[in-house]
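Just so it is clear, none of the values below were taken in a lab; they were calculated from the coordinates. Note that this is a predicted model, so its numbers are computed, not measured. Because the Cβ atoms are built from the backbone with ideal geometry, glycine has one as well, and the counts that use them run over all protein chains shown.
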Amino acid sequence: MELLDLVGKSHLLWVHLPVGFIFLALVLSVLNWKKPNLAYANLLPLIWLLASISAVFAVFSGYLLSKNQGGDLLFFHQYAGIFLTLGLLTYLKFKRLFLLIMIGFLFIITIHLGASLTHGTDYLFPEKSKVITHLEEAELYNDAVAPILKSKCISCHKPGKMKGELDLTNYDKMKDKEEIIRRINLPKNHKEFMPANGKAPLSKDQTAILAYWVEVGAPENKRLAQLKMDARTISVFESFFKLNQDPLLSFKAVPASENKIQKLQNAGFKVEQIYQNSPLLEVKYLMKKKPPVKLLFEIKDQLVWLQLPNSFLNDEDLIEIGKLTELFKLNISHNKITDNGLLALGSLKNLRTLNVYGTGINKKGLTACLSLPMIKKVYLWDTNLDSTYLADLKKKYTKVDLIYKIDN
Amino acid sequence: MGNQKHLIYHPVTRREMLQMCKCGFGSLALTGLFGQLLSSCSQSSVFEDSTRKKGFSSTFPPHFLPKAKNIIFLYMDGGVSQVDSFDPKPRLEKEHGEDPFRKFKVDDTQFGEVGKILKSPWKFKQHGASGMPVSELFPHIATCVDDLALIRSMVSNFPEHTNANYFLHTGSGLQGRPSMGAWINYGLGSENSNLPGYVVLDGGLVPPGGLDNFKNGFLPATFQASLLKAGEMPIANINPLDTIKGIQEDKLAFLKDRDYLLGDNLGGADEIEAAISNYELAYNMQSSVPELTEFKSESEATKELYGLNSPDVNTRNYAAQCLLARRLVERGVRFIELTCPAVSGLDRWDQHSNLKMGHELNAHAVDQPIAGLLKDLKVRGLLDETLVVWTGEFGRTPFAQGTDGRDHNPSAFSMWMAGGGVKGGTIYGQTDEYGYRVEENPVTIHDLHATMLHLLGMDHKQLTFRFGGRDFRLTDVHGNVVSDILA
């Protein structure tokens with residue numbers, strides 16, 4: 001019995017043999033039909049024979065594998081496979097064109113259905129779910145749990161199929177939810193592991209989300225904002241909804257021309273691609289003199305990280321930097337700049353990180369910086385701003401990280 | 001030969017032998033020639049790869065969005081005891097003085113002097129918002145725990161210093177492979193043309209295995225480490241000996257001319273190219289290094305923070321190295337390793353006896369400077385782009401060697417990372433109740449290397465170099481990124 005089980009499980013392996021043979025046989029037959037070629041003709045009977053033998057074995061092992069399973073997909077895959085094999089055997093005897101066409105047709109259907117069984121029906125064209133932009137607005141069941149069940153479970157557990165008499169398409173009909181969690185967490189080779197029979201298992205995040213859902217009482221209509229989550233759970237949901245992606249990754253720009261980059265390099269700037277095949281650029285200036293800031297305007301569409309610490313900048317230079325509207329990260333620490341210059345940075349709509357430690361920044365300039373729409377982090381150590389004022393400000397702007405003193 | 005009549009072949013004559021073999025000789029020679037040609041093609045193509053576009057100066061873009069730009073590697077030479085530093089084990093306290101053989105399976109140790117179970121001489125306390133427990137050995141580092149990602153489940157393949165050092169530094173336990181700093185500079189290039197991209201700050205102790213820990217191996221010679229000593233003369237001949245202006249430049253120009261000639265004659269040998277660029281770099285360093293090692297521009301508060309005014313000379317030395325490390329990061333040096341200070345009377349962290357005194361002196365030397373470095377980097381915005389790595393080559397046993405020491409233990413040790421892209425305040429992995437073996441989520445040295453490269457934006461599987469007919473990696477055929485500690 002165990003041996004038969006093993007043969008059944010090896011279906012996934014053997015099935016690739018007839019796939020290769022049939023494909024080769026079809027290609028050679030078509031070529032031979034169009035322009036008879038002795039070399040092909042001599043080889044063809046052997047290939048067709050091998051295709052047939054391996055197909056018979058694949059059907060046999062597939063039958064053993066399918067014994068305790070059901071489903072529309074499986075049903076059609078099984079019969080397409082059987083008819084394909086019959087077609088092959090017939091073709092060994094009667095070389096007819098219509099048989100060849102039928103074999104080709106059944107071949108495509110069988111392999112497509114087989115792949116759908118192992119990879120899931122949404123593998124090729126994953127269904128686009130609602131785009132979540134803030135974690136709080138997501139609904140636990142409708143936006144996370146239901147899509148997971150849909151992608152990994154309901155191909156078997158749905159009305160009409162009801163494996164284990166379980167219907168996971170409808171919230172009201174779901175039974176024993178703890179059992180789902182137990183089953184998906186078993187070792188993969190366990191008899192009761194779900195999804196059964198080598199179908200694509202749930203990912204780590206998907207498992208964690210279902211477990212969390214059951215842990216909080218499997219609610220149907222609760223938003224994440226209404227639920228308590230620890231940091232780990234939050235990060236699981238963030239990666240599930242793809243919220244933790246660096247915003248730079250979705251930022252698009254046309255690559256800068258090599259001439260422009262060369263021009264900046266010649267002027268002493270260090271211009272680097274942020275990563276391979278990305279148009280985005282980082283610029284540094286490591287010479288011990290004042291950089292020609294005006295030139296940077298040439299690559300303003302690609303320039304996202306600018307590092308000019310200790311670069312003898314003054315307030316006029318900040319007016320030029322204020323024109324580099326796509327900046328995400330700006331370091332102008334240790335420069336003789338004041339609030340007058342900093343007010344010119346108001347146009348930096350993408351700026352997330354601003355480093356102005358060791359500068360002449362004061363309250364007015366800081367207020368302007370904190371009102372930037374995307375600002376997340378400001379470095380303010382070693383400035384004229386006093387720490388009690390900053391401590392108060394920190395309480396007010398909870399979404400911005402103000403770093404101004406050495407912690408002890 | 002084909003129509004033999006006798007059972008015994010007549011012997012092959014010299015002429016016949018040559019006749020038979022002539023084609024073979026020729027083709028052997030030809031394959032040799034082609035082989036050389038092909039390998040030299042693939043070697044140079046590494047540098048003119050489409051991903052390494054010209055016009056982007058001496059640096060190469062990483063594979064994907066990087067979290068860190070530089071690494072400071074704080075090497076705790078000799079192996080810090082995990083159960084005395086970052087991995088508290090109350091059970092050792094309870095069973096102090098009992099026979100370890102009755103409690104668990106004891107592996108062979110380096111010295112075979114297995115003593116009794118030894119409790120930690122230091123108390124642990126929870127620190128920071130994360131509540132990470134740290135022992136009294138590191139009171140300053142304890143104030144930074146919310147920035148640390150602690151891994152308690154490190155394992156190494158070697159129970160002995162030299163091999164374990166090679167393994168930690170090069171990903172192979174044998175001598176001669178390229179060091180991780182060389183790999184990183186090979187992968188990303190150097191940002192600063194006046195300083196080497198890979199610097200080892202020599203605190204006075206060269207680790208067992210010697211300078212081979214810091215070599216380029218089969219990578220081009222220009223990626224090897226440059227050793228800077230703490231003190232007035234960090235590098236030999238950093239002040240030019242020629243006092244008359246222009247003479248040194250003329251000498252160098254002449255030398256370069258000759259080198260190019262020789263290089264051309266030898267078909268552009270890698271060693272000559274490296275020598276030429278080393279001379280250029282050395283010349284540039286004569287102006288950049290004195291400026292680098294001059295701490296005049298640092299405020300008193302900063303010096304105090306690092307411990308430069310400490311009464312302990314070892315603390316002062318290590319503080320100077322840490323401050324130098326920050327200054328190197330500011331100047332775009334990719335990989336900086338700090339070796340341990342030579343605390344007199346001690347053999348590094350390798351306390352086979354006298355654990356209490358030895359670990360205390362070592363910890364006192366490095367604790368304040370390291371904490372100062374982390375805080376200084378943080379407040380200047382540099383910790384966002386710098387990965388600080390603290391580790392030894394292996395851990396120590398939970399039972400005594402003799403009565404008051406601990407022997408080598410490669411089956412479990414603790415290390416931490418901070419800064420660029422790691423999740424502060426996390427503890428990853430778990431050891432058994434004695435801190436002897438890893439019980440959960442083991443992390444290998446290859447995993448550590450893969451994670452370090454990942455944070456720099458490099459896929460450890462793509463960073464390859466063709467040598468001796470195959471593609472080599474820092475992680476060989478191993479390594480998984482420890483994604484659970486990434487921010």
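The label-point distance for B:ALA274 and A:HIS119, in a model that sets each label 7 Å from Cα toward Cβ, rounds to 4.6 nm. With semi-axes defined as the square roots of five times the eigenvalues of the C-alpha gyration tensor, the equivalent ellipsoid of the protein assembly as shown measures 53, 40, 35 Å, largest first. Classify the range B:117-179 from the C-alpha gyration tensor, please: rounded if a/c falls under 1.5, else prolate or oblate depending on whether a/b exceeds b/c. Cα axes put the range B:117-179 in the prolate bin.
Here the label points at A:ARG183 and A:ASN362, each 7 Å from Cα along the C-beta direction, are separated by 7.0 nm in the simple model.
Within the range B:220-355, the percentage of alpha carbon pairs spaced more than 22 angstrom apart rounds to 55%.
For the range B:58-175, the relative contact order is 20 percent, taking Cα pairs closer than 8 Å that sit 6 or more residues apart in sequence and dividing their mean separation by the residue count. Treating r as the C-beta distance of B:ASN354 and B:ILE235 and R0 as 35 Å, the FRET efficiency rounds to 0.50.
What does the C-alpha gyration tensor say about the overall shape of the range A:244-356? Classify as rounded when a/c is under 1.5, otherwise prolate if a/b is larger than b/c, or oblate.
Oblate, because a/c is 1.5 or more while a/b does not exceed b/c.
The Cα trace of chain A gives Rg and Dmax of 32.0, 95 Å, the first to one decimal, the second as a whole number. In this rough spin-label picture, where each label sits 7 Å from Cα along the Cβ direction, the B:ASP250-B:LEU174 distance is 5.1 nm. Overall form of the range B:74-125: oblate. Here a/c, set by the Cα gyration tensor axes a ≥ b ≥ c, is 1.5 or more, and a/b is not larger than b/c. For the range A:311-408, the residue among A:TYR397, A:ASN314, A:LEU385 whose Cα projects farthest onto the positive side of the dipole built from Cβ charges is A:TYR397. Name the residue farthest towards the positive end of the dipole of the protein assembly as shown from the options B:THR426, B:CYS340, B:SER287, assuming +1 on Cβ of Lys and Arg, -1 on Cβ of Asp and Glu, about the Cα centre. Farthest along the dipole direction, towards plus: B:THR426. Checking every one of the trypsin sites (Lys or Arg not before Pro) in the range B:96-131 against DSSP loop status and a limit of 11 other Cβ atoms within 10 Å picks out B:LYS105, B:LYS123. Summarising the amide proton neighbourhood of B:GLU337: residues at separation of 5 or more, or on other chains, whose placed amide H is nearer than 5 Å comprise B:PHE73, B:VAL199, B:VAL200, B:LEU201.
Remark: chain B carries a charge dipole of roughly 1080 debye about the Cα centre, counting +1 on each Lys and Arg Cβ and -1 on each Asp and Glu Cβ. Listed from fewest to most Cβ neighbours within 10 Å, the set B:CYS23, B:CYS322, A:CYS156 follows the order B:CYS23, A:CYS156, B:CYS322. If R0 is taken as 60 Å, the Cβ-Cβ distance between A:THR398 and A:VAL27 corresponds to a FRET efficiency of 0.35.
Taking the range A:9-87, which trypsin sites (Lys or Arg not before Pro) meet the DSSP loop condition and have no more than 16 other C-beta atoms within 10 Å? Walk me through the numbers before you get to the answer.
Details: sites: A:LYS9, A:LYS34, A:LYS67; in loops: A:LYS67.
Within the range A:9-87, the qualifying trypsin sites (Lys or Arg not before Pro) (loop, at most 16 other Cβ atoms within 10 Å) are A:LYS67.
Ranking of A:LEU295, A:LEU354 by neighbouring Cβ atoms within 10 Å, starting from the fewest: A:LEU295, A:LEU354. Once the Kirkwood radius over Cα pairs is known for chain B, the Stokes-Einstein relation at 4 °C and 1.567 mPa s delivers a diffusion coefficient of 53 µm²/s.
Relative to the Cα centre, what is the charge dipole magnitude of the range B:240-385, using +1 at the beta carbon of each Lys and Arg, -1 at the beta carbon of each Asp and Glu, and rounding to the nearest 20 debye? Before the final figure, lay out the partial values.
On the way: 16 positive and 25 negative charges, 109 e Å.
Roughly 520 debye, rounded to the nearest 20.
Averaging the sequence gap over all C-alpha pairs within less than 8 Å and six or more residues apart, then dividing by the number of residues, gives the range B:429-487 a relative contact order of 32 percent.
Shown here for the range A:314-345: trypsin sites (Lys or Arg not before Pro) in loop regions (DSSP other than H, G, I, E, B) with at most 13 other Cβ atoms within 10 Å, namely A:LYS336. Dividing the mean sequence gap of close Cα pairs (under 8 Å, 6+ apart) by how many residues chain B holds gives a relative contact order of 27 percent. Taken about its Cα centre, the range A:122-179 carries a charge dipole of about 360 debye when Lys and Arg each add +1 at the Cβ and Asp and Glu each add -1 at the Cβ.
Secondary structure note: in the protein assembly as shown, about 45% of the DSSP beta bridges are antiparallel. Only helical runs count toward this figure. For the protein assembly as shown, summing -39,500 (n - 2.57) over DSSP H runs of n ≥ 4 and dividing by all residues gives -12500 deg cm²/dmol at 222 nm. Farthest toward the positive end of the dipole of the range B:261-376, out of B:TYR306, B:LEU328, B:LEU261, is the Cα of B:TYR306, where the dipole comes from beta carbon charges about the Cα centre.
Shown for A:PHE240, B:PHE111, B:PHE104: other C-beta atoms within 10 Å of each C-beta, ranked fewest to most, produce the order B:PHE111, B:PHE104, A:PHE240.
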